[in-house]
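Everything below concerns the one structure shown next.
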Amino acid sequence: MLVPARRRAALAGLAALLVLAGCSRPARQAAPPLPSAFVIGLLTAGPGAGAGRDAVRGAQLAVEIVNGDHPDLALPLAPGLGLAGGVPLSVSIADTKGDAAAAQGEATRLYREVHAVGLVAADSTTVAAAVSQQTERYPLPLVDAGTSADRLTETGLEWYFRTGPSDGMLARATFGLLRQQQGDDMGTAHRLGLLQGSGTPDAAALSTVDQLAGEDGYQIVARLPIGGSASDLADKLGQAHTDVVLAVVSTDQEAAVVADVQPKLRTVPVLALGHGLGGLGAGAAGTRVLRTVGWSDDYGTRNPVARAVAKMYQDKFGGPMTDVAANTFTATLTLAMAVDGAGSTDVRRIRETLRDLWVPATKTIMPWDGVRFDASGQNEMAGGVVEQRGGSGFQVVYPRELATVALSWRSPAGH
């Protein structure tokens, strides 16, 4: 039983008298000592290159900010050294190889051998889903930095948290732009063509699209899988007389097909959401595809905190901060805040601190309203912004309060 401070002296005196009288009582257990370092495990595929490397770099930068003293950086845990009691934070990297079974094996190792106080997953939906079943059993907090599938927050998981937006959130941002354009230059355009990626992990995003399309009075006149040639897809969309095309993609390859479809449609706007959009149109400078994303490099150059972190990333790693790095950075820092608030390695206290966490928008590098988890573990303050590619790369066009440039809704004919 917890004892009020004002009674401790009296109880101590009574204990001394009992000892002198020959009585004995079990000694009170001391609080477990703080570790030499709080360890967070990072699960990612191929940490030596590509997206896996970017995830590692994002986590490493978060650790560096926590362990160093950065009084001028307006991020949680930036001022001061380390976490609770001055204990440093460290990250242990595990290569999942993009395989669910391998990821489960690495998660077990991080839990049993490394004694991680929580895990960050920067990987596929399949991997995150497999690991989340394990962390429920251990138990151990899992912060997802790599997925957007709604189904991961719809199964009653107690130890799962996701910092970034869900597919449903991204779809709502996309339809927010469509709603805006209806009031501007879109007029009575209500014939929607839907391109569906074959690799989409579940139907939640498509279900949200159907729901929002119905609410806003759109008629889905074409529903096509992303496959075959871009010319064939463009022909079918043209035959359906679509006013606007929405593509839900899940891989880089699907995004590349969408980028090739857009110029062939000429004046028909194309909006894409889902995974694989970071390099959208990399090989086609003329593409006008709009993309809905949870991280924007354009926004990062205008947000003072994001700009400072991006500069630290550039100086440390010699390259620009990517969406994978930014998301993993945010997830790692979020888990670190929970460990700091718990002040111990007690995973249940860490989980409760995550549940109670609230981070305002001004204290993050992301274009969100902040970080606060709902009962399902989803960050309810995350969201998407819509970008359009211009001469200097992708720039925010929605929402208007974050926009850098005016939206060019329709490409000129023949371009």
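In table form, for the structure just shown:
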| item | result |
| --- | --- |
| Of residues in segment 351-360 being surrounded by fewer than 23 Cβ atoms within 10 Å (Cβ to Cβ) and aliphatic (A, V, I, L, M), the one farthest from residue 58 (Cα to Cα) | 357 |
| Flag if residue 288 is of a type in the set (Lys, Arg), in contact with a Lys or Arg (Cβ under 7 Å, 6 or more places away or on another chain) and at pLDDT below 80 | yes |
| Among residues of segment 35-82, those that are crowded, with 23+ Cβ neighbours inside 10 Å and either aromatic (Phe, Trp, Tyr) or on the phi > 0 side of the Ramachandran plot (or both), counted | 1 |
| Any chance residue 366 is surrounded by 16 or more Cβ atoms within 10 Å (Cβ to Cβ), in a loop (DSSP other than H, G, I, E, B) and not charged (D, E, K, R) | yes |
| Top-ranked residue of segment 292-332 - restricted to ones that are of a type in the set (Val, Ile, Thr) and within 16 Å of the chain's Cα centre (by Cα), ranked as surrounded by the fewest Cβ atoms within 10 Å (Cβ to Cβ) | 322 |
| Residue check, residue 122 in contact with a Ser or Thr (Cβ under 8 Å, 6 or more places away or on another chain), crowded, with 16+ Cβ neighbours inside 10 Å and under 21 Å from residue 35 (Cα atoms) | no |
| Subset tally (residues that are surrounded by fewer than 15 Cβ atoms within 10 Å (Cβ to Cβ) and in contact with a helix residue (DSSP H, G or I) (Cβ under 7 Å, 6 or more places away or on another chain)) for segment 227-271 | 1 |
| Unique match (being closer than 30 Å to residue 271 by Cβ and touching a residue at least 40 places away in the same chain (Cβ under 8 Å)) among 129, 149, 116 | 149 |
| Identity of the residue in segment 371-384, crowded, with 22+ Cβ neighbours inside 10 Å and of a type in the set (A, V, I, L, M, F, W, C), that ends up farthest from residue 290 (Cα to Cα) | 373 |
| Per-region count, segment 341-350, residues open to solvent by less than 10 Å² (accessible area, probe 1.4 Å) and in contact with a Lys or Arg (Cβ under 8 Å, 6 or more places away or on another chain) | 1 |
| Qualifying residue in segment 101-110 (condition: open to solvent by 40 Å² or more (accessible area, probe 1.4 Å), more than 30 Å from residue 150 (Cα to Cα) and more than 19 Å from the chain's Cα centre (by Cα)) | no |
| Segment 205-219 residues that are under 11 Å from residue 179 (Cβ atoms), paired with ones that are open to solvent by 60 Å² or more (accessible area, probe 1.4 Å) and of a type outside the set (A, V, I, L, M) (beta carbon under 7 Å, 6 or more apart) | 212/172; 216/179 |
| Helices (runs of 4 or more DSSP H) fully within segment 228-337 counting 2 or more residues that are closer than 30 Å to residue 69 by Cβ | 297-300, 304-317 |
| Verdict on residue 390 being open to solvent by less than 40 Å² (accessible area, probe 1.4 Å), among the small types (Gly, Ala, Ser) and modelled with pLDDT under 95 | yes |
| Residues located in segment 341-358, provided they are closer than 23 Å to residue 147 by Cβ and touching a helix residue (DSSP H, G or I) at 6+ places or on another chain (Cβ under 8 Å) | 350, 351, 353, 354, 357 |
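One line per residue, one yes/no per condition, for (1) in a strand (DSSP E or B); (2) within 27 Å of residue 356 (Cα to Cα):
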site	(1), (2)
91	yes, yes
101	no, no
107	no, yes
115	no, yes
136	no, yes
139	no, yes
147	no, yes
176	no, no
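Conditions (1) touching a helix residue (DSSP H, G or I) at 6+ places or on another chain (Cβ under 8 Å); (2) part of a loop (DSSP other than H, G, I, E, B); (3) surrounded by fewer than 19 Cβ atoms within 10 Å (Cβ to Cβ), marked per residue:
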| residue | (1), (2), (3) |
| --- | --- |
| 339 | yes, no, no |
| 362 | yes, no, yes |
| 386 | yes, no, no |
| 404 | yes, yes, yes |
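The values are calculated or read from the model by the stated rules, or taken from the named source; none is laboratory data. Note that the structure is predicted; figures quoted are calculated from it, not measured. Every residue, glycine as well, gets a Cβ built from its backbone with ideal geometry; the counts of neighbours run over all protein chains shown. Note: accessible area is taken over every heavy atom of the protein model, side chains too, but ligands, DNA and RNA are not part of it. Shrake-Rupley method; radii C 1.70, N 1.55, O 1.52, S 1.80 Å.
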